[in-house]
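Just so it is clear, none of the values below were taken in a lab; they were calculated from the coordinates. Nothing here was measured: the structure is a model prediction, and the numbers come from that model. In this analysis, Cβ positions are derived from the backbone assuming ideal geometry, glycine residues included, and neighbour counts consider all displayed protein chains.
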Amino acid sequence: MAARNTAFLLVGLLALLHTWGVTARVEVNMEDRVEVFRGETASMTCIFTSSEAVDNIMIQWFYVMQTGEKQRIFYQDPTGTVVDEGTPFTDRISVNGTGATGAIVVTISNVQLADELQFICLINGLTGETGEGRTKLKVFVRPDFPTIEGVQTGISLNEGPSKIGTCEVKNGFPWPNITWYRNNAPLRGAPDVLKLVSSTTVESSGLFSVKSELIMKVMKEDKDDLFYCEVNYFVPGGLRMTETPPINITVYYPSTAVSVWVESPKGNIKEGDSIELQCRENGNKPSSILTISDEKGGNTVDSNVLVLDNVTRLNSGVYQCASMDMDTYEEISGNTTVFVNYLDPAVVLPKDSVVVDQGAELTATCNALSSLQTQTVWLKDGEAVSMGNSLILKDATFDSAGEYVCVVTVLEIEGMETSGTLHVEVQGPPEIMKPDDTEMEESFGTTVDLSCSVRGFPTPSVTWTTSDGKILPPASQIESWGEVHSVVSIKVTSDITAFCNASNNFGTDALTFNIAATINTTTPATTSTSTSTTTTTTTTTTATNTSATPTSATNTSATVKAETLIPPKKEGNGFLIAVIIICILLLAILGSVLYFLYKKGKICGRSGKQDLTKEKSSKDNIVVEMKSDNTEEAVLLGVNGEKQPPSHQGGAYLNVQK
């Protein structure tokens, strides 16, 4: 009985304890992981629920060491909160919340790589029930920009798998991943064809550096391929990617064909050009040698370029380029044909020069041997006179004489031409080319140049003569191409008739020049202050003077000569001329008065009874004539004061006669 009661008591206690444990259960929730970059701040939140009062709860934070042991960094109980000393987080940890709200946050500043640990939030009730939550702190570091380096030497086709290049990325956390690409397609390892060798290095800082080598058996098609690396690395909340610049590789492969061509000049080649021949093979093995040569063996060079200067038609022919593989001694070749166009010097018939009679006909030909079609034109004085090989001159005249140039041109090639000359002389009597004017008037004392142009063949001789038979020496005489240009200088002292005389074996010709001498006069510009009056003129005036009185026993003859040039009348000289005229009139009046008194016997002791019936002659008259160069009226005053008609034109003079 007692035993049964004891059993019922134990069962009831267990049931009570079981019911109490359920009501006092603690639940804790935390994130699986918290991710931050190195150097940033990490916050870990612990959310819990419990039926017990807050005052009956203890909160503790731990981290799991590399050995698996737990190390507490913080705890909180009803009496207060404590940050544990001597841990890596003692100086960097802070806690927010007291548990009254069911959440508590632990913050760690300046997170480092070593902080990538597991953290535990432990909730304890006074009844002994506990709840635990765990979170993983993940730390990230962005790696440096990746680098790529290709092999510096070429790779031959006959080699096995060869190293193509190396990609490397440094200082990342966690370690980055490298993927190789060829022409945008990822590369995967394949036995005996492609192999990727990767290695990871832990730096002293704890960061990771990853290196990857690409080893591959190359083919000819790989010579144009581009290779690059893609680097993937983790960051908080995701994955990032970066790429290297692309590289290519040099693939050595043997030649299967060789080509040779004329690089310059483009198009047709002519004699005198410089030719550049180039050669190329479709392989690129460094052990191969290229050789260019002509079929005659005259030009050979161990290079891919052959230059021929100042070529002639003899350089025409077949040129060959050969490639020899020094590893296998196999040779392949290619060739091209070079043709050098030519144009021989022009041949003109008749040669050099020809003489043809006036009125006759001349036929000349011009030919030049050429490898291309030509065009021929005949030029005279730079102008085209005939097209084609033949030049025909009908009814030849002196105008037909001269130099004819035959120009032969190859139209297909610029600058390819040749020329020849033919000098034509037309023989016949001289022919003087009449000038515009052979009748002329010139002033006394001037010098006149007369020119005479004569043509004919044989070249005429030219002489100058005057009407009185005088021979004039030429001042200059030029002979060219059957023409003579002669110039003579003549000083005009009177009317002159000059002749240009030309002659050769076939006849003569002459041209007459008539020169009329003229006198130019000017306006009077001087006065007389004595009994004789001298005026200015461009002519010479002779005057015979008698004595001042009619009773003089002797007659004297005086010659007055005045030749003074007066400048042309200018505006402003009218006043001076008027004064001169008035002075002359006053002198004339005074002379008339004196003569009148003389006749009356009032002067010189003469009486009025003297004979006034003496026959008057021209020598007893005193005549004063004044005339200007202009159209002013000439005034003549006699001894009796009467106005006389003018007897001279072209000057002003004083003639005193007895």
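Gain in length, ASN520 to PHE145, computed as 0.36 nm per residue apart minus the alpha-carbon separation, to one decimal in nm?
Between ASN520 and PHE145, full extension yields an extra 124.0 nm.
The stretch 123-222: which GluC sites (Glu not before Pro) are DSSP loop and have at most 13 other beta-carbon atoms within 10 angstrom?
When the GluC sites (Glu not before Pro) of the stretch 123-222 are filtered for loop state and at most 13 Cβ neighbours within 10 Å, GLU159, GLU203 remain.
Hey, for a label at ASP495 modelled as a point 7 Å past Cα toward Cβ, could you say which residues of the stretch 432-447 have their backbone N under 20 Å away?
437-447
Using θ = phi - 60° and the Karplus relation 6.51 cos²θ - 1.76 cosθ + 1.60, list the HN-Hα couplings for the stretch 191-201 in order, rounded to whole Hz, with x at every Gly or Pro.
Residue by residue, the stretch 191-201 yields x, 6, 10, 8, 9, 10, 10, 10, 9, 10, 10 Hz.
Spin-label point model (7 Å from Cα, Cβ direction): what's the LYS351 to VAL593 distance in nm?
Label at LYS351, label at VAL593, 10.3 nm between them.
How would MET30, MET216, MET241 line up from fewest to most surrounding beta-carbon atoms within 10 angstrom?
MET241, MET30, MET216
How large is the charge dipole for the stretch 254-341, taken about the Cα centre, if only the Cβ atoms of Lys, Arg (+1) and Asp, Glu (-1) carry charge, to the nearest 20 debye?
300 debye
Can you compute the modelled spin-label distance between ASN505 and SER259, with each label point 7 Å from Cα toward Cβ, in nm?
According to this spin-label approximation, the distance is 7.1 nm.
With respect to the cross-link table entries LYS266/LYS296; LYS270/LYS394; LYS394/LYS434; LYS170/LYS220, which display a Cα-Cα separation exceeding 28 Å?
LYS270/LYS394; LYS170/LYS220
Modelled label-to-label distance, THR81 and ALA384, 7 Å Cα→beta-carbon offset: nm?
Placing both labels 7 Å beyond Cα along the Cβ direction yields 11.1 nm.
Indicate the gyration tensor shape class of the stretch 147-251 (rounded, prolate or oblate), computed on the Cα atoms with a ≥ b ≥ c the square roots of the eigenvalues: a/c under 1.5 is rounded; otherwise a/b larger than b/c is prolate and the rest oblate.
In terms of gyration-tensor shape, prolate.
What order, most packed first, do the peptides 63-72, 105-114 have when packing is the mean number of other Cβ atoms within 10 Å of each residue?
The packing order, highest mean first, is 105-114, 63-72.
Mind listing the phi-derived Karplus ³J(HN,Hα) values for the stretch 225-238, rounded to whole Hz, using 6.51, -1.76 and 1.60 with θ = phi - 60°, and x for any glycine or proline?
3J(HN,Hα) across the stretch 225-238, in whole Hz: 6, 10, 10, 8, 10, 10, 10, 10, 8, 8, 9, x, x, x.
Okay, which of the stretch 197-236 sit inside 18 Å, backbone N to the point 7 Å along the Cα-Cβ direction of PHE37?
Within reach of a label on PHE37: 207-208, 232-236.
Can you give the FRET efficiency to the nearest 0.05 for LEU196 and THR98, using r as the Cβ-Cβ distance and R₀ = 41 Å?
Efficiency, from the Cβ-Cβ distance: 0.15.
Between LEU472 and residues 5 or more places away or on another chain, which pairs have amide H atoms under 5 Å apart, with H built 1.01 Å from N, and which residues are they?
Close amide H contacts, sequence-distant or interchain: TRP464, THR465, THR466.
Over the stretch 25-140, what is the relative contact order in percent, taking alpha-carbon pairs closer than 8 angstrom and at least six residues apart?
After rounding, I find 39 percent.
So who's got an amide H within less than 5 Å of the one on SER371, skipping anything under 5 residues away but keeping other chains? H placed 1.01 Å off N, in plane.
TYR342
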